[in-house]
Amino acid sequence: MNALIDIVSTAEPTAVTPHRFRDVLGAFATGVTIMTTRGPGGVRVGCTASSFNTVSLEPPLVLWSLGLRAASLGAFRAAEHFGVSILAEDQRDIALQFARPAEDKFAGVALREGIGGVPLIRGALAHLECRIAARYPGGDHEIMLGEVLNLERRDGAPLVYQRGGFHGLRGL
Ligand SMILES: Cc1cc2nc3c(=O)[nH]c(=O)nc-3n(C[C@H](O)[C@H](O)[C@H](O)COP(=O)(O)O)c2cc1C
């Protein structure tokens, strides 16, 4: 009961500072994905994203959002397809590698090619190959809606992101 009162009493618009928003959203545990595409000239492009989620079963739709300041934004805007690699527990180094700017984020990463030449991360728990169905403005991010054209998964434990850190399911 006290917890409920606390939520109600802090729900004033002024309480939603970016710092508090981040802090509170840190309570929401997500999986970790690498979003990939081919940029102009066929260059491989990718970034780490935890904003991935399902939208619709029929038709099969997923979404994720990309920051307007991301270097990869132009490539994803111009692309017809993107790939989703859902990372396994032992792939936190890959999550970090794709979250930092680098000349070649794909260096040393085992890949295979999906629809449209989109690179997919080997060893991931699952891959979804998508056609970009729509893009929507989302504040300081752009929301990408993808129609799933192909997908596969294997058994294994996922990498989990919560409160700014990586975890295995058993570590939470
Ligand atoms: C676990 C994790 C999840 C992230 N999720 C997102 C996300 O959903 N959307 C986003 O725009 N950036 C996200 N980021 C930050 C991007 O990965 C980071 O800004 C990256 O440098 C963007 O790549 P780019 O600038 O080459 O496009 C996340 C970072 C981490 C570590």
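Test of understanding: in a Gaussian network model of the chain with alpha carbons linked when under 10 Å, which of Gly41, Gly108, Gly83 would top the mean-square fluctuation ranking? Top of the fluctuation ranking is Gly41.
Give, rounded to the nearest 20 debye, the magnitude of the charge dipole that the chain has about its Cα centre when Lys and Arg contribute +1 at Cβ and Asp and Glu contribute -1 at Cβ. Each step should come with its number before you reach the end.
Numbers: 17 positive and 17 negative charges, 58 e Å.
Once rounded to the nearest 20, the dipole reads 280 debye.
Work out the FRET efficiency for Thr17 and Asn150 from their Cβ-Cβ distance, taking R0 = 30 Å, and round it to the nearest 0.05. My answer for the efficiency is 0.10. A 1.4 Å probe run over the stretch 30-162, with the rest of the protein chains in place, finds 51 Å² accessible per residue.
How would Val16, Val160 line up by accessible area, probe 1.4 Å, largest first?
Numbers: Val16 95, Val160 10 Å².
Final ranking, largest accessible area leading: Val16, Val160.
Out of the total accessible area of the chain (probe 1.4 Å, heavy atoms of protein only), what percent is carbon and sulfur? Each step should come with its number before you reach the end.
Numbers: 5850 of 10280 Å².
Reported share for carbon and sulfur atoms: 57 percent.
Ordering Gly74, Thr33, Thr17 by Cα displacement along the dipole of the chain toward the positive end leaves Gly74 in first place; charges were set at the Cβ atoms of Lys, Arg (+1) and Asp, Glu (-1).
Rounded to whole numbers, the Karplus 3J(HN,Hα) couplings from phi for the stretch 113-127 are 9, x, 4, x, x, 5, x, 10, 7, 5, x, 5, 6, 7, 10 Hz, using 6.51 cos²θ - 1.76 cosθ + 1.60 with θ = phi - 60°, and x at Gly and Pro.
Taking label positions 7 Å along the Cα-Cβ direction at both Arg100 and Ile143, the computed distance is 3.3 nm, reported to one decimal. Between the residues Pro158, Ser65, Gln97, the greatest Cα displacement towards the positive end of the dipole of the stretch 30-162, with unit charges on the Cβ of Lys, Arg, Asp and Glu, is found for Gln97.
Specify the residue with the greatest mean-square fluctuation among Leu66, Leu25, Leu159, computed from a Gaussian network of the chain linking alpha-carbon atoms under 10 Å apart. It is Leu25. Between Leu61 and Ala107, the modelled label-to-label distance comes to 4.0 nm, taking each label 7 Å out from Cα in the direction of the beta carbon.
The values are calculated or read from the model by the stated rules, or taken from the named source; none is laboratory data. What you see is a predicted model, and the numbers here were worked out from it, not measured in a lab. Ideal geometry is used to build each Cβ from the backbone, glycine not excepted, and the neighbour counts take in all protein chains shown. Just the protein is used for accessible areas: all its heavy atoms, side chains included, with ligands, DNA and RNA removed. Shrake-Rupley method; radii C 1.70, N 1.55, O 1.52, S 1.80 Å.
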